[in-house]
Amino acid sequence: AEEAETPTAGSDDGGDDRSFASEVERRSAARTELEAVREGYGSTSSGRLASVYLGQIAAAEGDTAKARELWTSYLEAAGRDHAMAIGVQLNLYSLDRAEGRGEELAARLRGAVAAESSPLPKDALLFELAATLAQLGDEEGARETYQRVVNEYPDSGYAIRARQRLGPQAAAASPFTFGG
């Protein structure tokens with residue numbers, strides 16, 4: 001009996017084994033391929049997903065307006081109630097902070113935290129609010145909000161990060177005792 005060959009990099013299986021001289025060259029090639037997917041299949045989930053990655057490339061290259069446009073169009077087309085949408089919304093929050101829109105963002109996050117329901121989990125909203133307050137120089141508000149994440153969502157991944165932001169005493173109070 002003859003054994004089946006497993007395709008490897010460089011084999012004639014349609015795989016891509018290109019190497020690039022620089023990150024800029026790699027991003028350029030990725031952009032070309034992703035734009036083709038977005039153009040040809042824009043109404044499909046793959047086409048919409050290409051917009052997310054094109055937004056990442058635009059942000060990495062400093063084109064925040066293009067990143068915002070791509071991510072916003074993704075959310076409008078794909079909806080806001082799934083894991084990728086949560087990541088895209090978090091990217092938009094980071095973009096708001098980077099562009100100096102912290103006051104406006106803090107107000108929106110406070111509203112989202114107070115709302116009965118939101119497509120984003122409350123622990124994520126609280127953590128983003130705390131990060132925004134910290135950036136705005138409201139250390140007391142940030143500390144209180146990080147503490148709220150720890151108190152209300154102790155098993156959350158955001159609680160781990162909040163403890164780190166609160167300092168060594170809070171980090172030592174983690175409920176996770178790996179081997180201890």
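When the alpha-carbon atoms of the stretch 22-80 are used, the pair Rg, Dmax equals 11.1, 35 angstrom. Restricting the calculation to Cα atoms, the stretch 62-143 yields a radius of gyration followed by a Dmax of 12.7, 38 Å.
The charge dipole of the stretch 22-80, taken about the Cα centre with unit charges on the Cβ atoms of Lys, Arg (+1) and Asp, Glu (-1), comes to about 200 debye, rounded to the nearest 20. As a ratio to 2.2 N^0.38 Å, the alpha-carbon radius of gyration computed for the stretch 100-168 takes the value 1.02.
Laboratory data are not the source of any read-out in this text; all were calculated from the coordinates shown. Keep in mind that this is a model prediction, so the values were computed, not measured. Cβ sites come from the backbone with ideal geometry, for glycine too, and all protein chains shown count toward neighbours.
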